[in-house]
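Following: one structure in structure tokens, then a few remarks.
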Amino acid sequence: FLGAGKPPLYGDYEAQRHWQEVTYNLPIRQWYFNTSDNNLMYWGLDYPPLTAYHSFVCAYVAKLINPDWIALHTSRGYESQPHKLFMRTTVFVADLLVYIPAVVLYCFSLKETSTKKKASALCILLYPGLILIDHGHFQYPLSLGFALWGVICLSHDWDLLGSAAFCLALNYKQMELYHSLPFFCYLLGKCFKKGLKGKGLVLLTKIAGTVVASFAVCWLPFCTDVEQIMQVLRRLFPIDRGLFEACMFSSPPPRLANIWCSLSVLIKIKNVISPQTQLKLSFAVTFLSLLPTCIKLTVQPSLRGFKFALVSCALSFFLFSFQVHEKSILLVSVPVCLIINEIPFMATWFLLVSTFSMLPLLLKDGLLLPYAVTMLAFLLVCGASFSIFEKTSAEDLQLKPFSLSLKGYVSWFKSFPKVVRSLFLLSVTLMGVLSLLSSALHPPQRLPDLFPLAVSLISCLHFLLFLVYFNIVILWDSKNSKSQKKIS
């Protein structure tokens, strides 16, 4: 694990263990407050209540096995093989209970052949990014799992259950805000289509009640006074720390594949713009980048449009929003997994780039071999399952409506498949070479951040192009209008 045996913080593994220590030994009213028993500078809780409750449940089991694992103060930095086995098991159990069943159910509810359903499930479960972060870097897949259950429920018109499931996701990790606008716009659009003077108003009222009730249940122990609520919110959204607070590497240049970190190579944003202005700027750019998709989804709500909007909006948040972490790309990748059966070539390409973008983090975790093996396995399985190189025409990539709108330029699209395949091969080759250089060579002394910086810049360029692509697919999608009839 990253930070293993390295005081004073030890790493993300220790963060999860410490939260178990805190939630088990301290009363709820102290979980988010700085006290003599809870030093917030030492992995203080900064996720919503559901994460804290999950830590408490894990701590209760840990206490039964070995009380030393969560002993107050004395357990800091605790590392042993039995404890590592226990912690890995808790992640695997979370996978088995929430994430994996959601993936399997989603894939087998698709209107595809049995073979394609199995192929989709296999490819999604083999996605390297989630495997490496959950089981290598160490985190739990519950927020993504709950969000996926929300998608499944909405696809079966179980709108209230879907709303509740997404509320659980949001109350497990605040980064699920990346997916909040597509959920909101899709459900609001559905209410508009049913008519806000009749069934639509009833549905909207029920959804609002479900959301309020879900949040109330999750936050009930913290609603004893206003200061409790405000302190939790301050921990969840530490906006005073600036635009780059969530980057793993604080020293310049930041090594994150979003637009702000990439621009900081040329312009030292931290020195030029005040934290408050950084917040306003990132909010404005993020909002403007996702506005067209949200308007389209509200006006023409469809399940297909909803899934593509999850990708586009999450990618906008990752590229332009405030305090992004390398691992946040998973919030884009999981929705991309949901459309791998529709655009297997582009989905496979994106999922490879998303894992590559986390290379500096993975190398620090000592995950080079698992990274190489899982990336190769994923590429081979996707290539064999979907024959991705045979699906590069404008129609296969959902670009036919866009190509027709270009009129005189349509002839250019005849060579489009060959161009796209060539770009893909160039991209994969570049990722392979950079991965090899990053792991095998020491950078020049004058440029110690050369390789991580190259990884972040190349990944950012890919993500910007993917954002343009997904927005084109959404805005020129003619299938949405057909599926509206089913909703109304």
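The values are calculated or read from the model by the stated rules, or taken from the named source; none is laboratory data. This one's a predicted model, so the numbers in the text were calculated from it and none came from an experiment. Note that we place each Cβ from the backbone using ideal geometry, even for glycine, and neighbour counts take in every protein chain shown. Heads up: the accessible areas ignore ligands, DNA and RNA and are worked out on the full protein's heavy atoms, side chains in. Shrake-Rupley method; radii C 1.70, N 1.55, O 1.52, S 1.80 Å.
Could you work out the relative contact order of the range 242-478, using alpha carbon pairs under 8 angstrom and six or more residues apart, expressed as a whole percent? Could the numbers behind the result be given before it?
On the way: 244 pairs, mean separation 62.5, N = 237.
Rounded, it is 26 percent for the range 242-478.
Accessible surface of the range 34-191, 1.4 Å probe: 70 percent of it comes from carbon and sulfur atoms.
When +1 charges are put on Lys and Arg Cβ atoms and -1 charges on Asp and Glu Cβ atoms, the dipole computed for the range 242-478 relative to its Cα centre reaches about 360 debye. Electrostatic tally near Leu330: other residues with Cβ closer than 13 Å to its Cβ, Lys and Arg +1, Asp and Glu -1, net -1.
Of the listed pairs Lys327/Lys364; Lys173/Lys327; Lys190/Lys296; Lys116/Lys400, which have alpha-carbon separations greater than 18 Å here?
From the list (Lys327/Lys364; Lys173/Lys327; Lys190/Lys296; Lys116/Lys400), the Cα-Cα distance tops 18 Å for Lys116/Lys400.
Annotation: per residue accessible area for the range 242-478 equals 43 Å², rounded to a whole number [probe 1.4 Å, protein chains only]. Length gained on full extension, Leu160 to Asn34, computed as 0.36 nm times the residue gap minus the Cα-Cα distance: 41.6 nm. Would you mind classifying the range 331-389 by shape? Square roots of the alpha carbon gyration tensor eigenvalues, ordered a ≥ b ≥ c; an a/c under 1.5 is rounded, otherwise it is prolate if a/b is larger than b/c and oblate if not. Taking the square roots of the gyration eigenvalues as a ≥ b ≥ c, the range 331-389 is oblate.
Given contacts defined as C-alpha pairs under 8 Å and at least six residues apart, what's the relative contact order of the range 356-466, whole-number percent?
Working: 46 pairs, mean separation 37.7, N = 111.
Worked out over the range 356-466, it gives 34 percent.
Each residue, Val57 and Ala372, gets one label point 7 Å from its Cα in the Cβ direction; the gap between the two is 3.9 nm. If the chain linking Leu457 and Thr205 were pulled fully straight, counting 0.36 nm for each residue of separation and taking away their Cα-Cα distance, it would gain 86.2 nm.
Contact order, relative form, for the chain: 17 percent (alpha carbon pairs under 8 Å, 6 or more residues apart, mean separation divided by residue count). Set against the 2.2 N^0.38 Å expectation for a compact globular protein, the range 242-478 has a Cα radius of gyration ratio of 1.05.
In the context of the full protein assembly, Leu441 retains an accessible surface of approximately 90 Å², using a probe radius of 1.4 Å and ignoring ligands and nucleic acids. Per-residue surface analysis assigns Arg29 an accessible area of about 150 Å², computed on protein heavy atoms at 1.4 Å probe radius. When its C-alpha radius of gyration is set against 2.2 N^0.38 Å (N residues), the chain gives a value of 0.98. In the range 242-478, the portion of solvent-accessible area held by carbon and sulfur atoms comes to 72 percent [1.4 Å probe, whole percent, DNA, RNA and ligands not counted]. For the set Lys400, Lys296, Lys364, Lys197, the ranking by accessible area, highest first and with no ligand, DNA or RNA atoms included, is Lys197, Lys364, Lys400, Lys296 under a 1.4 Å probe.
Taking label positions 7 Å along the Cα-Cβ direction at both Leu196 and Glu79, the computed distance is 5.7 nm, reported to one decimal. Residue by residue, the range 454-466 carries 3J(HN,Hα) couplings of 4, 4, 5, 5, 5, 5, 4, 4, 4, 5, 5, 5, 5 Hz when phi is fed to the Karplus relation 6.51 cos²θ - 1.76 cosθ + 1.60 (θ = phi - 60°); x denotes Gly or Pro.
Each part reduced to its alpha carbon centroid, the range 319-380 and the range 103-126 end up 19 Å apart.
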